[in-house]
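Beneath this line is the structure, given in structure tokens, with notes to follow.
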Amino acid sequence: MQELAWINGTVSELAAASIPLEDRGFFFGDGVYESIRIYNGKPFRLEDHLQRLRRSAAAIMLDLADLPKLEAAAPQLIKESGCPEAYLYIQLTRGVAPRSHLFPAGVKPTMVMYVRTLPPGFGEAAQNGVACITVPDERWLRCNIKTINLLPNVLAKEKARRAGAYEAIFYRPGGVVTEGSSTNVFAVCGGVIYTHPESNLILSGITRQVILELLPAAGLPFKEEAVSLEQLRRAEEIWISSSTAEIVPVISLDGKPVGDGKVGALAREVRQRYRAAVQDCCG
Ligand code: PDD
């Protein structure tokens, strides 16, 4: 078992891997990324993540010519690393060039990926429910692109941590709830599960998508419709989702209990069904 990195086709130990100082990811955050959960040595929904990576790269006009090399190498890197419970991180930037805002001519993108292990029991504590805070969504208007420009997200998450909370949930002016700093948000209002529709205001999460695929079979009513901050405050249940954290119930919001302040029945059920989908795919 070894944490491995792949940089433009060269494999090394993760701890020994490095990229040049003049990478545009470092100067400008000029790049896109993906985080993919590995269970039992197998990636979950790798194809969906690679498709989203292509969409993000195209949206920032990144040269995609060499991307098939990374796509072909990803399963091999996961296999070679032999890490059972881990994640694969992929990042593409506009490459290495003297600092200038203009796109550099004739420069190939930097393509990086690595496999990092998750500690045993990762995320289990969160399954018992977490506290969240709400914060104004001060991000740009292209949140559907999974860019490495994450400063507003980082600041929001740190604000949550300092408030003793796990995640910060964003709302736009007027009170439309969008998503978390690194998660999508689901709220149960009047027995119906709501989540913000796909748009430029959210990152369309792969986990969100898997959940939406599971709900009809479970006979659970849902709407891809935004909720307001007031609706969120009155929600019977809230949960948040991401590839790494999976489905995390929210039991308190801005210091007040959500519903009865315990993990909700729907969150529990959806989480079980999600785990079953993971097991079907990864064993
Ligand atoms: N974040 N919304 C935002 C802003 C995110 O950063 C993420 C994921 C999600 C959930 O997407 P998915 O279900 O595809 O993981 C929603 C990853 C985990 C990260 O930043 O590492």
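Descriptive notes on the structure:
- Residue match in region 191-202 (condition: on the phi < 0 side of the Ramachandran plot and over 21 Å from the mean Cα position of the chain (by Cα)): yes
- Residues within region 152-165 that are open to solvent by 80 Å² or more (accessible area, probe 1.4 Å), in contact (Cβ under 8 Å) with a residue 24 or more places away in the chain and of a type in the set (A, V, I, L, M, F, W, C), tallied: 1
- Residues that are in a loop (DSSP other than H, G, I, E, B), of a type in the set (V, I, T) and open to solvent by 60 Å² or more (accessible area, probe 1.4 Å), drawn from region 1-60: I19
- Scanning region 240-255 for residues that are in contact with a helix residue (DSSP H, G or I) (Cβ under 7 Å, 6 or more places away or on another chain) and farther than 15 Å from R275 by Cα returns a single hit, L253.
- Any hit, region 124-145, residues being assigned to a helix (DSSP H, G or I) and surrounded by fewer than 16 Cβ atoms within 10 Å (Cβ to Cβ): yes
- Exactly one residue out of G41, G9, G31 is in the same structural domain as K69 (by TED's automatic domain parsing) and within 22 Å of N149 (Cα to Cα): that is G31.
- Residue tally, condition over 16 Å from D137 (Cα atoms), open to solvent by 10 Å² or more (accessible area, probe 1.4 Å) and either of a type outside the set (F, W, Y) or part of a strand (DSSP E or B) (or both), over region 166-196: 5
- K159 being more than 14 Å from the ligand (Cβ to nearest atom), modelled with pLDDT of 95 or more and either more than 20 Å from N144 (Cα to Cα) or part of a loop (DSSP other than H, G, I, E, B) (or both): yes
- Scanning region 200-213 for residues that are modelled with pLDDT of 95 or more and loosely packed, with under 15 Cβ neighbours inside 10 Å turns up at least one hit.
- Count - residues of region 198-231 that are within 12 Å of the ligand (Cβ to nearest atom), of a type outside the set (S, T, N, Q) and assigned to a helix (DSSP H, G or I): 5
- Any hit, region 190-197, residues being aromatic (F, W, Y), touching a Lys or Arg at 6+ places or on another chain (Cβ under 8 Å) and either closer than 16 Å to V250 by Cα or near the ligand (Cβ under 10 Å from one of its atoms) (or both): yes
- Selection from region 236-283 of residues that are assigned to a strand (DSSP E or B), of a type in the set (G, A, S) and more than 16 Å from the ligand (Cβ to nearest atom): S252
The values are calculated or read from the model by the stated rules, or taken from the named source; none is laboratory data. Everything numeric in this text was worked out from a predicted model, so none of it was measured. All Cβ positions, even for glycine, are placed from backbone atoms using ideal geometry, and neighbour counts span all protein chains on display. Heads up: the accessible areas ignore ligands, DNA and RNA and are worked out on the full protein's heavy atoms, side chains in. Shrake-Rupley method; radii C 1.70, N 1.55, O 1.52, S 1.80 Å.
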